[in-house]
1. Within the range 27-81, which residues are β-branched (Val, Ile, Thr) and out of contact with any Phe, Trp or Tyr (no Cβ under 6 Å at 6 or more places or on another chain)?
2. Going through the range 60-81 one residue at a time, which ones are assigned to a strand (DSSP E or B) and modelled with pLDDT of 90 or more?
3. Quick check on my filter: what residues within the range 15-40 are more than 30 Å from TYR59 (Cβ to Cβ) and modelled with pLDDT under 90?
4. Any idea which residue in the range 27-59 is surrounded by the most Cβ atoms within 10 Å (Cβ to Cβ), counting only those that are in a loop (DSSP other than H, G, I, E, B) and among the aliphatic types (A, V, I, L, M)?
5. Based on this model, can you work out whether ARG72 counts as over 12 Å from the mean Cα position of the chain (by Cα), surrounded by 11 or more Cβ atoms within 10 Å (Cβ to Cβ) and basic (Lys, Arg)?
Amino acid sequence: MQVGEETWTTQKDGSGVAKVVPPECCLRVIRARGGANVALPVGGPDRPQVGVEFGVPVYQDLNGIQLPEDWRLSVSLGHTF
């Protein structure tokens, strides 16, 4: 489980140029997350892995017009060479 994550965001200024802004500028989010990686039963010794991670925000400090986050789900498929 991971607690205490800050997210950096990308915003566009008036000319359309994207810039990376620190989390102090826009929002602060602390999430409680958990997940697992499982090796698939195919492919020999270097098998592909499936990863699943789920998270919910514990604290959100939104600045301006922003939608709050209810939950987050990540699913990945990886293979090590």
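The values are calculated or read from the model by the stated rules, or taken from the named source; none is laboratory data. This structure is a prediction, so every number in the text was calculated from the model and none was measured. No Cβ is skipped: glycine too gets one built from the backbone with ideal geometry, and neighbour counts run over all protein chains shown.
1. Pass one, the range 27-81, residues β-branched (Val, Ile, Thr): 29-30, 38, 42, 50, 52, 56, 58, 65, 75, 80.
Of everything in the range 27-81, those that are β-branched (Val, Ile, Thr) and out of contact with any Phe, Trp or Tyr (no Cβ under 6 Å at 6 or more places or on another chain) turn out to be VAL29, VAL38, VAL42, VAL50, VAL52, VAL58, ILE65, VAL75, THR80.
2. Residues of the range 60-81 assigned to a strand (DSSP E or B): 60-62, 72-78.
Result: ARG72, LEU73, SER74, VAL75, SER76, LEU77, GLY78.
3. Those that are more than 30 Å from TYR59 (Cβ to Cβ) and modelled with pLDDT under 90: SER15, GLY16, VAL17.
4. At the first step, the residues of the range 27-59 found to be in a loop (DSSP other than H, G, I, E, B) are 40-48.
After this cut, where a residue has to be among the aliphatic types (A, V, I, L, M) as well, the list is 40, 42.
Details: LEU40: 11, VAL42: 7.
Checking each candidate, the answer is LEU40.
5. So ARG72 does not fit the description; no.
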